[in-house]
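**Student:** Below: one structure in structure tokens.
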Amino acid sequence: MAEKSSSSLLQSIKQFRHKISFKLGTALLGAVVLTLLASIVGLVYLEQIQQAQNRVHEVAMPNVEEAFSISQTGTSIVSAVPELTSVHSQEELTGLKNELEVVTQTFENQLNNIDRFHLSEESNQQLLSAGSTLLENITTVEQHIEQRIAKIVQLAELGTQFDDLATFIDNRLGSEIDAQILFLALGYSDRNEAPVARDEHFTNEQINRYRYMVDLRRYTTIASHFVYSAVEVIDSALLETLKDQFETSEYGVDRILGFLETDPIHEEFAPLCNQLYVIGLDVGGIFEVKSSLLDIQTEIEEVFNLHQSVSEQVEQILENAVFITTLESQEAAQSSIQAINTGRTLLLIVNVVSIVGAALIAFAYIGRRLLRRLDSLSSRMSTMAQGELEEVVVVDGSDEIGDMQQALEIFRKNALEVQRLNLVEHLADELSKKNNELEDANEELKQAQGQIVLREKLAALGELTAGVAHEIRNPMNFIKNFSESSEDLLEELLEEILENDGETKSMDVDIVKEISSDLTENFKRIRQHTGRANRIIDDMLKMGRDAHEFQESNINVLLEEHARLAFHSARATDNNFQLDIQYELDESIESTRMVPQDIGRLVINLVSNAGYACNEKRKLLLADDPNSDYVPTLLIRTEMFDDGVLITFRDNGTGIPESTIEKIFNPFFTTKPTDQGTGLGLSLCNDIVGQHGGTMEVSSEEGEWTQMIIDLPKDPSQFMDV
């Protein structure tokens, strides 16, 4: 019994050796041992590294930090003068001076402790001298900047005074010149008074007065130009030139005022012009303040150049100090690096051993054994989930994965049996259901397509309402005008008859005949325009019906009327719509057999599309060039042949891309925005042409033009689908 128990225990141990858990546990135990070894090596060398780091942090690093600190402070001192020169207001200067006060104080303190960097005596003296010079430069520039800001403010105030006065003088002179022109031309010195005689207002004296006022305005305008240029000038020599020219203009003004000394305007403009030149030339005037401002700027530039040369010397000395302290720090860190390298080497050896061991375990056991078998099992389960149950599941081990493979093989056999029993019945039911769904969907699609086509026709009919209203308004206006003319003619006829009835004189037969002839002509025109209005209404009613009745119609008249309807319909929705419709119609075409309402829809659709393309191009060109001379144009041409009529629509719009030109007749295909097109217009046009036994061709050059050519037979009734 004991032997049997011992044998059973031994067998269990042998089986456990094949388990995945036992093998992974052994691998993890080896990893723990290597980790402990690496930790011990790390602790030993961490102590040595700590000692070396203490020497670096307590001695070398403070000196390096101080050297970098004085170098950064020196950089701030060096950049102080450029920063000051860019200040343009007293507030900015005050804020910058407060900042620089802290920096200069820090720099002075650091210069007092320069001995700690072990520089030569000569370098110490040079640094102290150069540092003092930099600090003095900052003080000097601050003073100059304050003076410059004050001068800029003063110059701005003078410029404002000058501009206001110059504008006032220019406006007043303009008013006086306009009044003088009116007086010279018409003799009015006051609108409330009567004009004087020509020999009093159109004289040499008055002409000279006009010329003097124009010259006075020209001189003051030139003077203003010189002052504005002086405010912006940056060269002293050019400033002196502008001042001389300004003084020359003053002489011109004085000369003109001398000519006008006895004129009433002299009393008003002499003080104003004098004040204008005082602002420019007097002590404390614009030219003097601008000259002082340029002198201050020159002094600032001289200090700036001196500051730059001294800054280079300071930067060189500070770089030397940083180099010395860095070198000391490197020497102190060298011992720390040696300890780190030794510890790193030992840790690297331990890590390499750990990595190699882990790689061997991962590749030899986990990768090639476990993962390969798991991938195979996962792949087999995926194929079974997709219905592949014929292939037998291979069992290749006695561990947990082998148990899963055995269970999966049992599942495969059971599933295969169930699948064979239910597959045929399931497929038959599914196929029947899909067929029913497709039939229902096809019926709904047909109904929806019919509704969309009907809505497209109704929408097009609604859009034509404004155009029809405009077309009907024209004949109604003619009827109204001819009716009113007929009333007047009847009154004349009655007067002629009544006068004869009273036997005051004999009836003028010629007048009666002339009036009767005019009345007859008016009634003919009234009847003609009444018929035109009725035709428009009949065409509108026909377009609202889906009738397919052939009629003999004049294609030229139909083209003109429906093109005009489309044009006015577009103008009703967009006041900026433009389209120059030109016609080249073959007058030999008398009548053609067709369905007028369908051909009318075709014409309206094609004209609307051409107008849209032309106006889109016009908007793009106007956005790029508001002065564009582009004119949206549509040419409609008809030609009579032996066997039919050729109709051509050619516009100069945006054109159709070559990639989409083959799709334009497809239902629901459109290049317009969603709210501006359904894609059914050209499809319906193509259907109408096809039902009439004709053909429709399109050619285009993108960005330039589009041409539609329609070829209709003389008698298309045999092709009509009724």
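The values are calculated or read from the model by the stated rules, or taken from the named source; none is laboratory data. The structure displayed is predicted, hence computed values, not measured ones. Glycine gets a Cβ as well: all are built from the backbone with ideal geometry, and neighbour counts include every protein chain shown. Accessible surface is based on the protein model in full, side chains and every heavy atom, while ligands, DNA and RNA are left aside. Shrake-Rupley method; radii C 1.70, N 1.55, O 1.52, S 1.80 Å.
**Student:** Report Rg/Rh for region 186-285, rounded to two decimals, where Rg is the Cα radius of gyration and Rh the Kirkwood radius.
**Tutor:** 1.13
**Student:** Go through K617/K672; K151/K243; K433/K663; K413/K434 and tell me which ones have a Cα-Cα distance over 24 Å in this structure.
**Tutor:** K433/K663; K413/K434
**Student:** Using the basic label-point model (7 angstrom from Cα toward the beta carbon), what is the I222 to E443 distance in nanometres?
**Tutor:** 9.7
**Student:** Right, something else. For V392 paired with S483, estimate the spin-label separation in nm (one decimal), with each label point 7 Å from Cα along the Cα-to-Cβ line.
**Tutor:** 10.6
**Student:** Hey, another quick one. Using label points projected 7 Å from each Cα along Cα→Cβ, tell me how many nm separate R344 and L238, to one decimal.
**Tutor:** 6.2
**Student:** I would also like to ask the following. Compare L348, L646 by solvent-accessible area with a 1.4 Å probe and give them largest first, with all protein chains kept in place.
**Tutor:** So, going from the largest accessible area down, we get L348, L646.
**Student:** Using a 1.4 angstrom probe with every protein chain in place, what is the largest-first accessible-area order of L216, L293, L494?
**Tutor:** Working: L216 0, L293 20, L494 105 Å².
Sorted descending by solvent-accessible area, the residues read L494, L293, L216.
**Student:** Can you tell me the length gained on complete extension of the stretch E549 to M381, counting 0.36 nm per residue apart and subtracting the Cα distance?
**Tutor:** 53.5 nm
**Student:** Compute, for region 222-274, the length of the dipole vector about the Cα centre, with Cβ point charges of +1 (Lys, Arg) and -1 (Asp, Glu) only. Units Debye, rounded to 20.
**Tutor:** That gives a dipole near 100 debye.
**Student:** How would you rank 138-151, 616-629, highest first, on the average number of other Cβ atoms within 10 Å across their residues? Show your work: numbers first, answer last.
**Tutor:** Values: 138-151: 18.0, 616-629: 11.7.
Ranking the peptides 138-151, 616-629 by packing returns 138-151, 616-629.
**Student:** Amide H of L585 versus every other amide H placed in the peptide plane: which residues, excluding those fewer than 5 positions away on the same chain, fall under 5 Å?
**Tutor:** It is T638, by chain and number.
**Student:** Per residue of region 654-660, what does 6.51 cos²θ - 1.76 cosθ + 1.60 with θ = phi - 60° give for ³J(HN,Hα)? Whole Hz please, x for Gly and Pro, Karplus curve as stated.
**Tutor:** 6, x, 10, x, 4, 5, 10
**Student:** Find out how many positive minus negative residues lie around S628, taking Lys and Arg as positive, Asp and Glu as negative, among other residues whose Cβ is under 11 Å from that of S628.
**Tutor:** Details: positive: K617, R618, K619; negative: D624, D625, D629.
Residues near S628 contribute 0 overall.
**Student:** I would also like to ask the following. Kindly write out, for region 229-242 in residue order, the coupling ³J(HN,Hα) from the Karplus curve 6.51 cos²θ - 1.76 cosθ + 1.60 (θ = phi - 60°), rounded to whole Hz, with x marking Gly and Pro.
**Tutor:** Ordered by residue, 3J(HN,Hα) equals 5, 5, 5, 8, 6, 10, 10, 5, 4, 5, 4, 5, 4, 5 Hz.
**Student:** Assuming R0 = 51 Å, can you tell me the calculated FRET efficiency for the pair I152 and Q334, based on Cβ-Cβ distance, to the nearest 0.05?
**Tutor:** Efficiency at R0 = 51 Å is approximately 0.30.
**Student:** 5 Å is the cut-off here: which amide hydrogens, built 1.01 Å from N in the peptide plane, fall below it relative to T592, excluding neighbours closer than 5 in sequence?
**Tutor:** Sorted by chain and number, the residues that satisfy this are S553, N554, I555.
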